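No lab work stands behind these numbers, since they all come straight from the coordinates. Remember, predicted model here, so these are calculated numbers, not experimental data. Ideal geometry is used to build each Cβ from the backbone, glycine not excepted, and the neighbour counts take in all protein chains shown.
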Amino acid sequence: MSDNHVLWKNLGMDLETHDLLCEALPQAFGDVYLSQEHRPERMDYFNMVVADIHGIRPAELVKFQEKGGKVVGSFCIHVPDEVVLAAGAIATGLCSGSQFWVPGGEKVLPTATCPLIKASLGARFDRTCPFFRICDLFVGETTCDGKKKAWEILSEDAPMYIMDIPQMKRDEDFLKWEKEIKFYMKKLEELTGNTITEEKLHDAILTSNNKRRALQRLNSFRKLDNVPISGRDSLLIHQIAFYDDPKRFAQMLNTLCDELEERAKNEFSVYKKGTKRILLTGTPLSIPNWKLHQIIETSGGAVVCEEMCTGIRYSEALVNEEKGSLDEMVKNLSDRYLGNIHCACFTPNRARVDDIIRLAQEYKVDGVIDVNLKFCNIYDTEGYFVEKAMREAGIPCIGIETDYTDEDAEQLKTRIGAFIEMLQ
Ligand code: BJ8
């Protein structure tokens, strides 16, 4: 039995079913990633992390737990990692992006639920994801109706904590979110037995901001006329950001960015001249959901920006770094986590549309693809405003709806191919 199998067995996983997933992943990764030309050498680190995604990091988390540490998983970028770090725990992302877990979710959820939610519950109930076995606490939020009700079901099997996020952004909503963050801090102190001090919270803010700065640096290269890294690789890095140790991740990404800087000096591009620059907006693309990037980048397009939670929404805004009292720093967290993330769960949400227009200009895009995960009602409905604003701004745009299966791949290739052709 390999070390990984011993780890998974000790976590109570369904080894036989999980082996099927492990068999499928290398093929998918090879098709999408290793087939690319001109990949930066320092993608090696990220290749290694994803090649052993259920081995390396889970083993680190278990080791941490053996020394008394706690691991906290969350499903949404509104949940602040900083307070988890400040409590001496490890934060990890839990959103699932593979069709492999969807049937398991469908055993307990209506079919008309978005695949992200179904896969997340399937990963837990089927015992086929180590992250879903390891977490000491699962933190849900009240962003969309599908998630809200799914957490009730998940709580039958997993230790859950829910943050009640406001759905508007008025002054009283910011105060409410501050209170929610404070409740969460109390819960984390109970879980870990540690006290969150000003010093620790300030350190955690710096650590998380440094991770964001590294991602911002990566994204800055994608604004260049000659783009030194593909959209596929950039997406993978954003996805890994949710799981990896934040300090190591920032360091490895900065090392990669040094290589990209050299490429930029030499005006090296991974794309052929004339490749059309695409901005993706919409629902998140959780690991290992690489389908759309693969289709776009093999159809004459280059994904240069994602206005998504697995993209700009995760990394663009920093938390104010001024050291103050706990109350002041919590206010800074509330301002950033409520004020700067424009999820479609908010009403009104004009700031998201403004962001898309701004990003389309900054990244010099030729067209926008508005992506909706099937059965996500809020992003689907908001598509009305996105497409209207793009029309008014004269930016070509199409809306597409998809899920985690490959059933629509041919149809998507045709539609996306025609859209890119039209941009010529
Ligand atoms: S901040 S996008 S991570 S809620 S796709 S589960 S909204 S039905 S993932 Fe999200 Fe936070 Fe918003 Fe981002 Fe519901 Fe839609 Fe599914 Fe979604």
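Residue count for the range 327-350, restricted to those that are more than 13 Å from the ligand (Cβ to nearest atom) and under 15 Å from Met308 (Cα atoms): 0.
The set of residues in the range 271-301 that are of a type outside the set (Ser, Thr, Tyr) and more than 23 Å from Tyr379 (Cα to Cα) comprises Lys272, Lys273, Gly274, Lys276, Glu297, Gly300, Gly301.
Scanning the range 279-291 for residues that are buried (at least 24 other Cβ atoms within 10 Å of the Cβ) and within 14 Å of the ligand (Cβ to nearest atom) yields Leu280, Thr281, Gly282, Thr283, Pro284, Leu285, Asn289. Taking the criterion of being more than 16 Å from the ligand (Cβ to nearest atom) and of a type in the set (Asp, Glu), the residues of the range 106-149 that qualify are Asp126, Asp136. Screening the candidates Asn332, Asn320 for the property of being surrounded by 17 or more Cβ atoms within 10 Å (Cβ to Cβ) and either part of a strand (DSSP E or B) or polar (S, T, N, Q) (or both) yields one hit, Asn332.
In the range 384-413, the residue that is surrounded by the most Cβ atoms within 10 Å (Cβ to Cβ) out of those that are part of a helix (DSSP H, G or I) and in contact (Cβ under 8 Å) with a residue 60 or more places away in the chain is Val386. Inside the range 14-35, residues that are part of a helix (DSSP H, G or I) and under 17 Å from Pro130 (Cα atoms) make up a count of 11.
In the range 389-399 there is at least one residue matching the filter, namely being under 22 Å from the mean Cα position of the chain (by Cα) and over 28 Å from Ser208 (Cβ atoms). Among the listed residues Gly122, Gly104, identify the single one that is in contact with a Pro (Cβ under 9 Å, 6 or more places away or on another chain) and over 28 Å from Glu198 (Cβ atoms). Just a single option satisfies the conditions, and that option is Gly122. Restricted to the range 36-101, the set of helices (runs of 4 or more DSSP H) holding at least 1 residues that are surrounded by fewer than 21 Cβ atoms within 10 Å (Cβ to Cβ) comprises 44-51, 56-66.
Only a single item in (1) more than 15 Å from the ligand (Cβ to nearest atom); (2) buried (at least 17 other Cβ atoms within 10 Å of the Cβ); (3) among the small types (Gly, Ala, Ser) is not met by Ser155, and it is number (2).
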